[in-house]
Amino acid sequence: MFNSKMVRLGRERSAIRELYEYGSLRKAEIGEENVFDFSIGNPNVAPPAAVSEEICRLTRDIPPQALHGYTSAPGLFEVRRAVADYIQNKFGAPMSADLVYMTCGASASLAIALSAILEAGDEVIVPVPYFPEYSVFVEQAGGVLVPVCTDEKFHLDVGAIGAAITEKTRAVLVNSPNNPTGAVYAEGEMRALGALLKARSALREKPILLLADEPYRELCYVAPPIFPMSVYENTVVLYSFSKSLSLAGERVGYVAVSPACSEAEELFAAVCGAGRYHGYVCAPSLFQRVVGSALGLSGDLGEYRRNRDLLYGALTEAGYECTVPEGAFYLFVKSPEADAAAFSERAKRYELLLVPSDTFGVSGYVRISYCVSRATIERSLPAFRALIESYR
Ligand code: PLP
């Protein structure tokens, strides 16, 4: 009776959201403090003070119609220019305001960019594990997601990417710092990826695009990742302020097309067309202005680092296996049984909400979002210990 694909997507819901909704009900039943909800990547760290101050200033100083009214479809020009200037000054990569499109977060950036570039049957190579919504966004654009393996620490396996390239490959989509593993791709591996894409694009009519999904760019405990446009010309950056500025509910981000892309202007026209097609025109106007004044800032990374250290230390001591996250706010832990969904179900008995990794395209792990209060982590530790004990 209705669009069957949409009914399916609506009914299936994401495994993360499913667990999050379960957690909300459970908290109502037994009390918030008794549920250890590590399901969703909702930042708990406050936005930088400058963000709250700017919200106050804007609402006080700018007349309502100007502040809350429509902006032009790709966003306020002064904000697009601020983004372009920031990219040029911070990363030394040429960028033009005319190639920046303000969006409603990274989800919109992904949906727009994939729709802009894919023709039916085009392939998008994605290192696993990956953010689950990628499959939705690739599919809606008519593309085919091609998963490729990563190495034992979830870093890029450039050889595997090379082997997966076919004449249908249109893009490689990478996410660093990574959700769900916390891996931050090193400069060397990104340069190797850039060299591969350059070599393999040389004889093609359409070059392979590098799509860099970067909502965690500033959330890094190791050397910050190299800016992707610096390693390969045909690059599109998909950014969000959801995580860096703790503004996940405000829905703001951008798509930035490198001026070095072949046919950059036409690509940007396709981005604008895809924004229009999906109804993602004119990102929230108050928050366009807010983020324009807060580029490069982030919430207190120290809080995430302390959470990471506490949880990583306690869990590995208890016998769990995981690699140290280098960025973002996720710990990717090996499930003590092969079936991660069964492990996640068992964890629920201890009021621990852990996302099984099958939703990220690999089996045998769970993801723990540690963007929660320190008190939640401290209270959860006996439950984690009891859970692993239950396997002995
Ligand atoms: N990409 C990745 C890797 C993410 O982790 C997320 C959100 O968790 C998104 C995209 C979507 O971000 P947004 O909330 O800005 O739409």
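Per-structure values
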read-out: Any hit, the stretch 314-331, residues being of a type in the set (Val, Ile, Thr) and either within 18 Å of Ile40 (Cα to Cα) or not assigned by TED's automatic domain parsing to the domain that holds Glu29 (or both); value: no
read-out: Test: residue in the stretch 174-187 that is outside the structural domain of Glu303 (by TED's automatic domain parsing), in a helix (DSSP H, G or I), touching a residue at least 24 places away in the same chain (Cβ under 8 Å) and in contact with a strand residue (DSSP E or B) (Cβ under 9 Å, 6 or more places away or on another chain); value: no
read-out: Considering residues of the stretch 191-222 that are more than 16 Å from the ligand (Cβ to nearest atom) and surrounded by 24 or more Cβ atoms within 10 Å (Cβ to Cβ) only, the residue nearest to Gly105 (Cα to Cα); value: Leu209
read-out: Meets criteria (in the same structural domain as Ala375 (by TED's automatic domain parsing), touching a Gly at 6+ places or on another chain (Cβ under 7 Å), surrounded by 13 or more Cβ atoms within 10 Å (Cβ to Cβ) and among the small types (Gly, Ala, Ser)) for Ser14; value: no
read-out: Boolean, Phe154 is within 15 Å of the ligand (Cβ to nearest atom) and either of a type in the set (A, V, I, L, M, F, W, C) or surrounded by fewer than 16 Cβ atoms within 10 Å (Cβ to Cβ) (or both); value: yes
read-out: Filtered residues of the stretch 17-41 (kept if hydrophobic (A, V, I, L, M, F, W, C) and surrounded by 12 or more Cβ atoms within 10 Å (Cβ to Cβ)); value: Leu19, Val35, Phe36, Phe38, Ile40
read-out: Selected residue [among the hydroxyl-bearing types (Ser, Thr, Tyr), in contact with a Pro (Cβ under 7 Å, 6 or more places away or on another chain) and more than 14 Å from the ligand (Cβ to nearest atom)] from Tyr101, Tyr86, Tyr70; value: Tyr101
read-out: Test: residue in the stretch 116-134 that is on the phi > 0 side of the Ramachandran plot and either over 17 Å from the mean Cα position of the chain (by Cα) or not polar (S, T, N, Q) (or both); value: yes
read-out: Some residue of the stretch 232-247 being surrounded by fewer than 23 Cβ atoms within 10 Å (Cβ to Cβ), on the phi > 0 side of the Ramachandran plot and not β-branched (Val, Ile, Thr); value: yes
read-out: Tabulated pairs, the stretch 191-209, first under 14 Å from Val158 (Cα atoms), second assigned to a helix (DSSP H, G or I), C-beta under 6 angstrom, 6+ apart or interchain; value: Ala192/Val158; Leu193/Val158; Leu196/Val158; Leu196/Gly162
read-out: Identity of the residue in the stretch 248-270, of a type in the set (A, V, I, L, M, F, W, C) and more than 16 Å from the ligand (Cβ to nearest atom), that ends up surrounded by the most Cβ atoms within 10 Å (Cβ to Cβ); value: Val257
read-out: Gly296 modelled with pLDDT under 95, more than 16 Å from the ligand (Cβ to nearest atom) and touching an Asp or Glu at 6+ places or on another chain (Cβ under 8 Å); value: yes
read-out: Enumerated helices (runs of 4 or more DSSP H) restricted to the stretch 275-374, each holding at least 2 residues that are among the polar types (S, T, N, Q) and crowded, with 19+ Cβ neighbours inside 10 Å; value: 285-292
read-out: Which numbered condition Gly105 misses (of (1) more than 19 Å from the chain's Cα centre (by Cα); (2) touching a residue at least 40 places away in the same chain (Cβ under 8 Å)); value: (1)
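So that you can scan it fast, the table gives a plain yes or no per residue for (1) touching a residue at least 24 places away in the same chain (Cβ under 8 Å); (2) surrounded by fewer than 21 Cβ atoms within 10 Å (Cβ to Cβ); (3) within 30 Å of Arg308 (Cα to Cα):
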| position | (1), (2), (3) |
| --- | --- |
| Glu53 | no, yes, yes |
| Ala66 | no, yes, no |
| Pro74 | yes, no, no |
| Phe77 | no, yes, no |
| Asp85 | no, yes, no |
| Gln88 | no, yes, no |
| Leu99 | yes, no, no |
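The values are calculated or read from the model by the stated rules, or taken from the named source; none is laboratory data. Keep in mind it's a predicted model, so treat the numbers as computed, not measured. Ideal geometry is used to build each Cβ from the backbone, glycine not excepted, and the neighbour counts take in all protein chains shown.
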